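All remarks here apply to the structure that follows.
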There are 2 protein chains.
Amino acid sequence: MAPIKVRSKVKDVAKQANVSVATVSRSFNNPDAVREDVRNRVLAIARKLGYSPNPAAKALRMQRTHIVGAVVPTLDYAIYARMLNSFQETMSAAGYMVFVLAVGFDNSKLYEPVRQLVDRGAEGLLIVGRIEDAPLLKFLEERRIPTVLTYSYLPDGPFPAIGFDNYAAARQLAEFLIRLGHRHMVMISGPTRGNDGQQSRAQAFVDAASEAGIIKNCHVIERSYSLNEGAAAMRWIHSEYPATTAVMCASDVLAFGVLSECKKLKLDVPRQMTVSGFDNQDFSALTEPPLTTIDVPAGEMGVRSGEALLSAMSAHRGIASVRLDTNLIVRASTSNAPEK
Amino acid sequence: MAPIKVRSKVKDVAKQANVSVATVSRSFNNPDAVREDVRNRVLAIARKLGYSPNPAAKALRMQRTHIVGAVVPTLDYAIYARMLNSFQETMSAAGYMVFVLAVGFDNSKLYEPVRQLVDRGAEGLLIVGRIEDAPLLKFLEERRIPTVLTYSYLPDGPFPAIGFDNYAAARQLAEFLIRLGHRHMVMISGPTRGNDGQQSRAQAFVDAASEAGIIKNCHVIERSYSLNEGAAAMRWIHSEYPATTAVMCASDVLAFGVLSECKKLKLDVPRQMTVSGFDNQDFSALTEPPLTTIDVPAGEMGVRSGEALLSAMSAHRGIASVRLDTNLIVRASTSNAPEK
DNA sequence: CTGAAAGCGCTTACAG
DNA sequence: CTGAAAGCGCTTACAG
């Protein structure tokens with residue numbers, strides 16, 4: 001086994017270079033203040049010793065950790081993972097490390113995890129969705145923690161938000177379905193508790209149906225995100241609301257489940273049943289038939305959230321909220337000729 | 001806006017409680033050493049002030065950061081995201097925070113990112129795949145950084161590894177295809193550079209084909225992971241190796257692309273073309289036809305890697321490497337009657 | 001341009 | 001059971 005080698009400290013470098021620790025520190029942090037030959041000697045020795053400043057000592061002294069926290073429902077979901085991937089890259093490039101915390105979908109109990117992040121040194125936060133937790137809001141405001149919300153576009157809140165308009169996107173889709181002639185529709189929502197995105201989508205569906213005068217034939221049911229839940233929901237819809245000609249799913253994953261169940265039920269999509277998703281996961285183009293869905297710009301969301309957080313942390317605060325475009329992706333899983 | 005509230009310190013709590021900072025500290029860290037009524041008073045005041053110890057100061061004093069680093073190729077890939085999700089939950093439950101770094105697929109240039117993680121305070125590391133970087137290996141060994149490798153099962157290396165046997169899994173699949181009667185096969189590998197998992201899979205394919213005496217009719221091509229690359233590869237195979245009856249993909253994503261291209265080429269799967277994947281992504285059961293694939297236990301991998309790292313950090317080191325089971329999932333995308 | 005010294009906020013041996 | 005003091009490893013105002 002290799003001989004043990006301890007982490008070297010300013011003192012070690014100073015000793016070998018025959019200078020004070022102050023000079024070592026300056027060679028790194030304020031190089032112009034050090035005579036060139038001295039600085040080069042110091043730097044060379046530091047490299048030789050594999051020196052790098054102790055981050056805890058540095059953080060304590062500078063009152064800066066260069067750590068941010070990211071709070072997401074889960075990583076096990078393409079849209080969040082992709083968002084986080086580009087967020088992390090953006091923060092890394094700017095010299096920040098990111099703590100990741102997966103906390104589930106209900107934002108009404110975010111206080112503890114966020115508190116933990118801040119207590120552990122996070123200087124800034126990225127949070128998916130709206131903050132629905134009064135103590136948390138108070139905490140973040142009192143402590144002036146730079147915070148950026150993402151996923152939802154929330155222009156009126158106390159924090160900058162980089163996201164898209166869930167209501168408008170879902171409404172666009174619902175109206176599209178109505179325009180196609182559908183009069184009996186079911187929306188399969190994701191978990192709505194503490195989840196403003198899902199709430200907005202369900203509301204958009206209800207509003208569109210109401211305005212079209214078909215709300216009495218339309219229903220919203222709530223399921224968790226999984227293929228099986230989607231499939232089971234479709235089975236249930238088929239028996240409880242047999243007049244249904246369109247199922248609008250709040251996520252592609254649910255829609256994938258619905259599609260597979262339609263196959264089992266021998267329901268022809270889109271001729272007998274129109275199905276739509278939300279997210280535009282890669283697969284949605286490959287289902288049989290390809291899934292109609294909403295394109296959510298996850299990668300862009302991550303990058304821009306990172307930029308917004310960086311800017312919020314550099315004391316300018318008050319970044320205007322940014323609304324990202326979503327696109328309705330119309331594919332063969334919708335039909336303009338509902339037959340029932 | 002809420003009145004600003006600064007983070008309170010031991011000193012603030014001590015003053016209000018009329019005790020020394022030592023007593024405050026002990027009330028948290030060694031409660032039995034403090035008289036009950038005093039301790040309760042201290043704790044109550046600490047709670048009221050929202051006190052929590054400064055992590056940098058604590059880390060500096062204790063020489064413990066309670067931070068670990070996780071190095072993954074990307075989060076934007078279901079298998080790594082899922083693994084990381086459960087790893088993070090496991091570490092969180094044990095009081096650790098995790099720094100995440102997405103570094104791409106080539107493990108031969110891991111030194112810089114890993115170094116960064118350690119320099120930033122990571123006490124332990126989770127790394128996806130084998131370490132193919134001599135300076136990094138030397139660094140980790142000299143500094144005695146507890147490290148766990150995951151994804152690949154590497155029983156002979158210097159670090160514990162929690163993963164599966166890529167060679168055995170791929171070989172099992174290749175032999176299965178040969179047993180079905182295929183004699184002209186192509187493997188679409190992922191990027192092999194600095195990626196022992198992909199190397200093993202390709203080698204397994206070659207070995208199986210060689211032993212079956214059909215290697216002259218079999219080919220390995222390398223593509224990056226994406227639907228489009230898979231589709232383009234299939235197009236290429238169709239024109240360059242028209243005798244091919246089976247395409248073995250090193251990932252489900254590639255296979256999804258292949259499947260969709262087969263549809264465009266009017267190649268009936270599985271009658272004219274057998275297709276297999278690797279990963280068992282949820283979606284693989286829903287393709288048309290369902291994809292034959294290898295089930296990789298990503299969630300379990302994350303949990304057990306976390307446990308292994310915890311155990312390595314608690315100074316016992318030397319956790320035996322753990323080999324996780326993979327399962328060959330046989331579905332309708334394979335046929336036992338190749339017609340060409 | 002350089003160094004000695006203070007201090008960031010903790011924890012813990014030591015003394016009482 | 002409690003407190004005064006040292007020290008973790010840095011950076012930077014201050015003095016020279």
B:VAL186 - would you say it is under 16 Å from B:VAL71 (Cβ atoms), of a type in the set (A, V, I, L, M, F, W, C) and at pLDDT 95 or above? no
Per the list (1) in contact with a Lys or Arg (Cβ under 8 Å, 6 or more places away or on another chain); (2) not assigned by TED's automatic domain parsing to the domain that holds A:ASP119; (3) not in a helix (DSSP H, G or I), residue check on A:ARG183 breaks on (1)
At least 1 residues that are on the phi < 0 side of the Ramachandran plot and at pLDDT 95 or above in each: list the strands (runs of 3 or more DSSP E) lying fully within the range A:238-340 that qualify. A:246-249, A:274-276, A:293-295
Suppose the filter is surrounded by fewer than 21 Cβ atoms within 10 Å (Cβ to Cβ), without any contact (Cβ under 8 Å) to a residue 24 or more places away in the chain and out of contact with any helix residue (DSSP H, G or I) (no Cβ under 7 Å at 6 or more places or on another chain); does B:SER321 pass it? no
Any residue in the range B:19-28 that is exposed (fewer than 14 other Cβ atoms within 10 Å of the Cβ) and free of Cβ contacts under 8 Å to residues at least 24 places away in the same chain? yes
With the condition kept exactly as written, say whether any residue in the range A:242-252 is surrounded by fewer than 22 Cβ atoms within 10 Å (Cβ to Cβ) and either assigned by TED's automatic domain parsing to the domain that holds A:PHE278 or in contact (Cβ under 8 Å) with a residue 12 or more places away in the chain (or both). yes
Which members of the range A:43-59 meet the condition of being part of a helix (DSSP H, G or I) and within 11 Å of DNA strand D (Cβ to nearest atom)? A:ALA46, A:LEU49, A:PRO55, A:ALA56, A:ALA57, A:LYS58, A:ALA59
In the range A:60-77, the residues that are touching a helix residue (DSSP H, G or I) at 6+ places or on another chain (Cβ under 7 Å) and part of a helix (DSSP H, G or I): A:LEU60
Boolean, B:GLU300 is acidic (Asp, Glu) and more than 24 Å from B:ALA168 (Cβ to Cβ): no
Pairs please, first residue from the range A:210-229 and more than 25 Å from A:ASP196 (Cβ to Cβ) and in contact (Cβ under 8 Å) with a residue 12 or more places away in the chain, second anywhere and among the basic types (Lys, Arg) and part of a loop (DSSP other than H, G, I, E, B), Cβ atoms under 8 Å, 6+ apart in sequence or on different chains. A:ILE214/A:ARG183; A:ASN217/A:ARG183
Condition first: within 14 Å of chain B (Cβ to nearest Cβ), in a loop (DSSP other than H, G, I, E, B) and hydrophobic (A, V, I, L, M, F, W, C). Now tell me which residues in the range A:140-170 satisfy that. A:ILE145, A:PHE159
Is there a residue being among the hydrophobic types (A, V, I, L, M, F, W, C) and either near DNA strand D (Cβ under 8 Å from one of its atoms) or more than 40 Å from the chain's Cα centre (by Cα) (or both) anywhere in the range A:60-71? yes
Out of (1) touching a Gly at 6+ places or on another chain (Cβ under 8 Å); (2) away from DNA strand C (no atom under 16 Å from the Cβ); (3) without any contact (Cβ under 8 Å) to a residue 40 or more places away in the chain; (4) not in a loop (DSSP other than H, G, I, E, B), the odd one out for A:MET91 is which? (3)
Residue ID - nearest to the other protein chains (Cβ to nearest Cβ), chosen from residues in the range A:36-86 that are farther than 26 Å from A:LEU140 by Cβ, among the small types (Gly, Ala, Ser) and more than 11 Å from DNA strand C (Cβ to nearest atom): A:SER52
Kindly evaluate A:THR326 against the criterion of being in contact with a helix residue (DSSP H, G or I) (Cβ under 7 Å, 6 or more places away or on another chain), among the hydroxyl-bearing types (Ser, Thr, Tyr) and away from every other protein chain (no Cβ under 13 Å). yes
Select from the range B:1-35 the residues that are hydroxyl-bearing (Ser, Thr, Tyr) and either within 14 Å of chain A (Cβ to nearest Cβ) or away from DNA strand D (no atom under 11 Å from the Cβ) (or both) and list them in ascending order. B:SER8
I'd like the full set of residues that are more than 16 Å from A:GLU261 (Cβ to Cβ) and surrounded by 21 or more Cβ atoms within 10 Å (Cβ to Cβ), limited to the range A:200-233. A:SER200, A:ARG201, A:ALA202, A:ALA204, A:PHE205, A:ALA208, A:ALA209, A:CYS218
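The values are calculated or read from the model by the stated rules, or taken from the named source; none is laboratory data. Please read all numbers here as calculations on a predicted model, not as lab measurements. Quick reminder, even Gly has a Cβ in these numbers, built from the backbone with ideal geometry, and neighbours come from all protein chains shown.
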